[in-house]
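This report concerns only the one structure given below.
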Amino acid sequence: MRLSIITINFNNAGRTLKLLESLNSQTDKDFDIIIVDNASDEFDFNDLRLGLGSGKLVRNEKNLGFSGGTNV
């Protein structure tokens, strides 16, 4: 069964990238990764974008909070 892992980022690309490193080190890689950026500042978003590697990155124009970001 393929899973989708969705996480929210708001001005904390370093921690989000650590999460991605951890997920990519898993032996079972039957999952997709979706990162929703909740209107982080440009520097944080660019750090996230450059460090992403695999996965899908969605950027909100405004911070929708956790549930709003997840629903996107």
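The values are calculated or read from the model by the stated rules, or taken from the named source; none is laboratory data. Remember, it's a predicted structure, so these values are computed and weren't measured experimentally. Virtual Cβ from ideal backbone geometry, glycine too; neighbours counted across all protein chains shown. To get the accessible areas, we keep the full protein, side chains included, count just its heavy atoms, and leave off ligands, DNA and RNA. Shrake-Rupley method; radii C 1.70, N 1.55, O 1.52, S 1.80 Å.
Just reorder 42, 61 by solvent-accessible area, largest first, 1.4 Å probe, all chains present.
Values: 42 105, 61 185 Å².
Highest to lowest solvent-accessible surface, that is 61, 42.
Take the Cα radius of gyration of the chain and divide it by 2.2 N^0.38 Å, with N its residue count; two decimals is plenty. Numbers along the way, then the final one.
On the way: Rg = 11.9 Å, N = 72, 2.2 N^0.38 = 11.2 Å.
With N residues counted in the chain, Rg over 2.2 N^0.38 Å equals 1.06.
Quick one: compute the contact order of the chain, relative version, from alpha carbon pairs under 8 angstrom and 6+ residues apart, as a percent. Intermediate values should be presented prior to the final figure.
Numbers: 100 pairs, mean separation 28.1, N = 72.
Value for the chain: 39 percent.
Antiparallel as a % of all DSSP beta bridges within the chain, to the nearest 5?
0 percent
Using θ = phi - 60° and the Karplus curve 6.51 cos²θ - 1.76 cosθ + 1.60, what whole-Hz ³J(HN,Hα) does each residue of region 19-25 get, with Gly and Pro shown as x?
For region 19-25, the Karplus curve yields 4, 4, 4, 5, 5, 5, 8 Hz.
Rounding to the nearest 20 debye, state how big the charge dipole of the chain is about its Cα centre with +1 on each Lys and Arg Cβ and -1 on each Asp and Glu Cβ. Provide the component values of the computation, followed by the final result.
Numbers: 8 positive and 10 negative charges, 28 e Å.
The calculated dipole for the chain is roughly 140 debye.
Where only protein heavy atoms count, and the probe is 1.4 Å, what is the accessible area per residue for the chain in Å²? Intermediate results must be reported in sequence, preceding the final value.
Values: 4820 Å² over 72 residues.
Computed with neighbouring chains in place, this is 67 Å² per residue.
Counting helices only, and only those DSSP H runs with n ≥ 4, report the 222 nm mean residue ellipticity of the chain as the sum of -39,500 (n - 2.57) divided by its residues, in deg cm²/dmol to the nearest 500.
Details: 3 runs with 29 residues, N = 72.
Result for the chain: -11500 deg cm²/dmol, rounded to the nearest 500.
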